[in-house]
Amino acid sequence: MDNPPAPPVLNDRERDVLKDVVSTYIFQAGPVSSRTVSKRHRDRLSPATIRNTMADLEELGYLFQPHTSSGRVPTPLGYHFFIDALMREIAPPRSLRRYVNENLDKVTDAESLTLIASHLLSELSDQVSIVLVPARAEVTLRSIEFVPLPGTKVLCVVVSSTGFIDNKVIDTDEVVPREDLTRISNYLTENFAGLTLSEVRNRLLKLMAAEKAQVDSLMQRAIVLAKEGLDAPRGQDVVVEGTESLLSKPEMRDLRLVQRLFEAFADKAQLVLMLNRAMEGQGVRVVIGKDSDLTSRLDFSLIATTYGVGQEMLGSLGILGPSRMEYPRLIPLVHFLGEALSAALTRGAMGIGDELPGRDVR
């Protein structure tokens, strides 16, 4: 695919005016007039010069005029230029970092950590948070345990190397003694730990295809139980939180947009696709407008980053909301939450006191 053409080069005056229009629109939530901008440049630029500059920026594709008599609003190109070249990021304050770390310190299991991170991201951004959790089949096995339940039922508990826990109730044909379940659990953990769950399942299928005379009865039972426990692996899932925060925003006065919004959140496959694409690059990625089908339909933006344990990337997290976002504050916030979640997952997975970002902040 051909690379997109480079955006038009802007002179200093155009950069200053574009920065003011975007900054004002983010907080004003309405088209920005040349008169509003001129108040910031009263000593340097005349109102006529600013009007002409805004018209030039519109012609270059950085601004858009919704109505002939209205002011201008930023286009996706204008937002991207503002983010890449004009804005100054606002680092999360010490109190916020301490608050995040204290909340992530409360739990060690991976599922709880991702849920807390999602809640914190929505709470601190006042936007919808989205966290993509890894597909079960692709996580690496740390241990597998079978626990007897009443009757012929057995609970299979699978723990990944990164701390994600999954469980499934299996209905066996007969009561399996607890000591047999313990031996089976130990055997499977010792022989399959370090493999992905899909690799474990493939090896089990090969063992099942072997001549049964070569496998004793306990081993046969182990293979059957493990296959049942690892069947129907969960695909990637998305945790969405904070949709109610959007309803108070000016953009949500359009009921058609509200309907499209909730239809989008119901389409988990589309959310997974968008967040997977956000995992393709390094650092924080900002998706605006026509950058994706979802943001284009809603005129929304996504700010996303990845998280993981060590070199293993597990998923991505981000915030989704109207393109009129407070990018200077929210981009560093998303970046920090990604780092904080990664550090907490690593600490939980390794069982050691790895420091979270900003751990020195007390």
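The values are calculated or read from the model by the stated rules, or taken from the named source; none is laboratory data. Just so it is clear, the model here is predicted, and its values are computed rather than measured. Here Cβ is always computed from backbone atoms with ideal geometry, including for glycine, and neighbour counts include all displayed protein chains.
Being surrounded by fewer than 19 Cβ atoms within 10 Å (Cβ to Cβ) and farther than 21 Å from residue 134 by Cβ holds for only one residue in 301, 245, and it is 245. Right, residue 316: closer than 16 Å to residue 122 by Cβ and not in a helix (DSSP H, G or I) or not? Taking the combined requirement at face value, the residue satisfies it.
In the range 247-295, what residues are part of a helix (DSSP H, G or I) and within 17 Å of residue 327 (Cβ to Cβ)?
251, 278, 289, 291, 295
Against the definition (in a strand (DSSP E or B), touching a Pro at 6+ places or on another chain (Cβ under 8 Å) and more than 30 Å from residue 251 (Cβ to Cβ)), how does residue 154 come out, yes or no? It is true that residue 154 is in a strand (DSSP E or B), touching a Pro at 6+ places or on another chain (Cβ under 8 Å) and more than 30 Å from residue 251 (Cβ to Cβ). All of 118, 198, 161, 185 fail the test of being within 18 Å of the chain's Cα centre (by Cα) and hydroxyl-bearing (Ser, Thr, Tyr), apart from 118.
Cβ-Cβ contacts under 8 Å between residues 6 or more apart (or on different chains), taken from a first residue in the range 170-188 that is outside the structural domain of residue 219 (by TED's automatic domain parsing) to a second residue that is part of a strand (DSSP E or B) and among the β-branched types (Val, Ile, Thr), are absent.
When we screen 258, 287 for residues that are without any contact (Cβ under 8 Å) to a residue 24 or more places away in the chain, within 30 Å of residue 88 (Cβ to Cβ) and of a type in the set (A, V, I, L, M, F, W, C), the only hit is 287. Report the residue count in the range 168-194 for those that are assigned to a strand (DSSP E or B) and exposed (fewer than 13 other Cβ atoms within 10 Å of the Cβ). Residues meeting the conditions: 2.
Within the range 19-39, being within 23 Å of residue 249 (Cβ to Cβ) and of a type in the set (A, V, I, L, M) holds for 21, 22, 26, 29, 32.
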